[in-house]
1. In segment C:49-91, which residue that is part of a loop (DSSP other than H, G, I, E, B) and of a type in the set (A, V, I, L, M, F, W, C) is surrounded by the fewest Cβ atoms within 10 Å (Cβ to Cβ)?
2. Return yes or no: is residue B:71 more than 15 Å from residue B:195 (Cβ to Cβ), more than 9 Å from every other protein chain (Cβ to nearest Cβ) and either in contact (Cβ under 8 Å) with a residue 24 or more places away in the chain or among the hydrophobic types (A, V, I, L, M, F, W, C) (or both)?
3. Sort out which residues of segment B:106-122 are out of contact with any helix residue (DSSP H, G or I) (no Cβ under 7 Å at 6 or more places or on another chain), surrounded by 14 or more Cβ atoms within 10 Å (Cβ to Cβ) and within 15 Å of residue B:151 (Cα to Cα), and write them in order of number.
4. Here is a list: C:244, C:254. Which entry is more than 21 Å from residue C:162 (Cα to Cα), of a type in the set (A, V, I, L, M, F, W, C) and touching a Ser or Thr at 6+ places or on another chain (Cβ under 6 Å)?
5. Residue B:180 passes all but one of (1) more than 30 Å from residue B:43 (Cα to Cα); (2) touching an Asp or Glu at 6+ places or on another chain (Cβ under 8 Å); (3) away from chain C (no Cβ under 14 Å); (4) not small (Gly, Ala, Ser); which number fails?
6. Would you mind stating whether residue B:83 is facing chain A (nearest Cβ under 9 Å) and surrounded by 20 or more Cβ atoms within 10 Å (Cβ to Cβ)?
7. If the requirement is being within 14 Å of chain B (Cβ to nearest Cβ) and either without any contact (Cβ under 8 Å) to a residue 24 or more places away in the chain or not charged (D, E, K, R) (or both), which of these qualifies: C:69, C:32?
8. Kindly state which helices (runs of 4 or more DSSP H) lie completely within segment C:338-424 and contain at least 3 residues that are under 27 Å from residue C:42 (Cα atoms).
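The values are calculated or read from the model by the stated rules, or taken from the named source; none is laboratory data. Because the structure is predicted, anything quoted here is derived from the model rather than measured. Cβ placement follows ideal geometry from the backbone for every residue including glycine, while neighbour counts extend to all protein chains displayed.
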Amino acid sequence: MEHGNTEHKTHSHGYGIYVLVWLALIALTSITVTVAGVDFGKLALPIALFIAAVKSALVINYFMHIKFEDPIFKVFLLLSGVTLLVIFILTFFDVFYR
Amino acid sequence: MSQSNGAVVNHVHRDDFGAKLGMWVFLFTEVLLFGGMFLVYAVYRFQFPDLFKLAALELNTGLGTFNTIVLLTSSLTMVLAIVAIQKNKKNLSLFYLASTIGFALVFMVVKYFEWSAKFSHGIYPGSEELLNRQNGEILFFGLYFVMTGLHAFHVIIGVIIIAFLMVFVYKNKIVHDNYVKLENGGLYWHLVDLIWIFLFPLFYLIH
Amino acid sequence: MADGNTHVAGKSFYEEGTTKKSTGITSWLFSTDHKRIGLMYLVTITAFFFVGALFGVLMRLELMAPGETIMGAQEYNTLFTLHGVIMIFLFIIPGIPAIFGNFFLPLQLGAKDVAFPRLNLLSYWIYLIGSVLVILSLFMQGGPIDTGWTFYVPYSVRTTTSVSLPLFAAFVLGFSSILTGLNFIVTIHRMRAPGMNFFRMPLFVWSTYATAWIQVIATPVVGITILLVIIERSFGVGIFDPALGGDPILFQHLFWIYSHPAVYIMILPAMGVVSEIIPTFSRRTIFGYTPIAMSSLAIAFVGYLVWAHHMFTSGMSDTSRVIFSLLTYIVALPSGVKVFNWVATMYKGSIDPKPPFLWVMSFVFLFSIGGLTGLVLGSITADIHVHDTYFVVSHFHYVMFGGTGTIVFAAMYYWFPKMFGKMYNIKWANINALFYIIAFNVLYFPKFIMGYQGMPRRYYDYLPEFADLQMLSTIGSWIMFATLVSIFLNLFLAIKKGKKAHNNPWGGVTLEWQTSSPPPLLNFDREITVNHEPYDFSQLKELDYESK
């Protein structure tokens, strides 16, 4: 029987990398707030979502550690993300073309 | 495998990888739960772009930004709690966990003030003041209360979970070579943070 | 040594449990043994199935003749709502995964239990709580829910019947489904016996895997939909209220984004069971193992892309109607792959027409009718004519009842000896199979005809021109109910008085047949290593089985 691993991945990070990630998140937050004050017109929403996506990538990869986990976690995440995206797109075929 | 009282212990094996896998699968259910709400938001924002902008002016961007930073920092302390336990620093880990709860409570307090300010201005679902406004504004506030409310509910659950984790750490049930429970609790907490990372610009930064 | 024929020596899981006492009600209600949990689901689900069936019989009694027959319109609306809620949320969706998935997934994987046994027990308790909430809702102020199981807005928001409680019950039941799916995904990834790579897993496991992913990803969407309706009823937020800018069609999107994949939760496990039964009773390896396995995943994924074919007449955009119709035709393809491969498996096989096989033959016939009529519904122009008529009702009863329901019985007849260590009366089972397929078609085929002749669904009364076919359908319901009772008795009496069963009465080669009937607590009395393909019948030379 396949025995579970009783040990965590051999390498463990120090505190430093997480503080760096946190600083990046704070910086991105201030960027997104500042950008919101500028009139980008139709681009405003995509820009805001893009910055949110970058912040999310940092949280998911580092805080949630997925960057250093077995690839299967990333596959699962991709699966769920793609499904959600597809649901959005298909719904908008209705809403957009009414 | 029999105990002395004759009962058979069901083979509860340890599988950290499996435990984490299961936790991630659970997180996907939360992503889809909120995803449905974000879909509703997306549809109505698409249909009422200007009224959403108008209604959003009534939210306090400063408070929203503050809360975003609070939550991001709480994610940091959550991760640091794990690093600490990896390095066998039990008290430091407890400190970081307590800090995470602290930040969460700050978040809830700010939320409380935001909501009660709205209520005192007569803005709440079904209120006369709100119903007198245009449809897009009504929907904006409806979504605001439902989505931040559902999120806040998850924050409270998170606080309870982290409190339990603190007990486990204190009682040495979570130690430097057995801490997958802490990781899984952290994963939940980061999800709560992730949801807010999207809620923030969608409600507070429509200018 | 382990020849699969150990009965006297070892204890079965009935005699040895995970709680302090091995017998008595608490040894069941607090058991983390997947086999006991599967059986608890069996008992509860059977009870609700018969309640739901009874409601169906009562509906058919009312519809026997035009005008009021035995009840008023409000009661009728309540009955069809509850019939749907019970059959869908309490019977079919949990159905095969909760009963047979729980019992047989670890066995087929060569594992001792699922990945999270305590979570598994929690899933059952949550199911129980949800079912109790459904019952409670019948007695709440306002009377039982009357919205139809689809609880569309605006009626579900405006009706004064008790809606929030049964919806909350459905929310709770959804949690049970999610946790079961989660458990199965991790189990399949982490607990396969050494030597069992993904492509040596039985096809029932593949279908359970695909189903588990749907349970996990789709169910939360109906969860949020339910919450929004409850919030709407309580606070009047306006999210689906056109007067406040809301969009009722958006409700339908959210609802069907779950409820269409849900039908694949219903059918995929059933197809998995078919892929088990056909090789065993053809004494031949399955034809096209990999295509069948992959088709389960394909159905699961494409199944997410077709939901709005339930909404062709709702008022959504023409663009989306065309797109969803196209996608709907695509999802039929992987199912076709399965049917072809099943038939190819039987070709030149050594057919043993035991009850499980006969039931599977019924399934192929009934499900095919259901599936083909689905193609009619998938065409926008045809659908406009038959939407919300008896044609739809007949279609989904053919696929859900004739499909999944038939296989619930097939699975019972297949795995009964393993679960209970007893054998049932074969002749009686064959007679049941015969009456079932006759009753089914008498009950449901007339509905296709009434449907395209214009008989609307969920209508309490109807024009006199439909009276004859309505009567015929009602008679079918009597034969069906009698047959269902007969099936139940056939099996129930066998539990009490049946002959002791051989460990492998059918000559199956998947791992569950390589342990005793019933299995011991930890499933096997030896460490399992897999070095055969799952349907390699040459193993029968070494294995013990009941020869003809």
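1. First pass over segment C:49-91, keeping only residues part of a loop (DSSP other than H, G, I, E, B): C:63-72.
Still in the running and of a type in the set (A, V, I, L, M, F, W, C): C:63-65, C:70-71.
Values: C:63: 23, C:64: 16, C:65: 16, C:70: 13, C:71: 15.
Among those residues, the one meeting the criterion is C:70.
2. Values: more than 15 Å from residue B:195 (Cβ to Cβ): no; more than 9 Å from every other protein chain (Cβ to nearest Cβ): yes; either in contact (Cβ under 8 Å) with a residue 24 or more places away in the chain or among the hydrophobic types (A, V, I, L, M, F, W, C) (or both): yes.
Answer is no for this residue.
3. B:115
4. On the way: C:244 fails: touching a Ser or Thr at 6+ places or on another chain (Cβ under 6 Å).
Criteria check complete, one pass: C:254.
5. (3)
6. Details: facing chain A (nearest Cβ under 9 Å): yes; surrounded by 20 or more Cβ atoms within 10 Å (Cβ to Cβ): no.
So residue B:83 does not fit the description; no.
7. Details: C:69 fails: within 14 Å of chain B (Cβ to nearest Cβ).
Answer to the selection: C:32.
8. Details: elements: C:355-378, C:380-386, C:390-396, C:406-420.
Qualifying helices (runs of 4 or more DSSP H): C:355-378, C:390-396, C:406-420.
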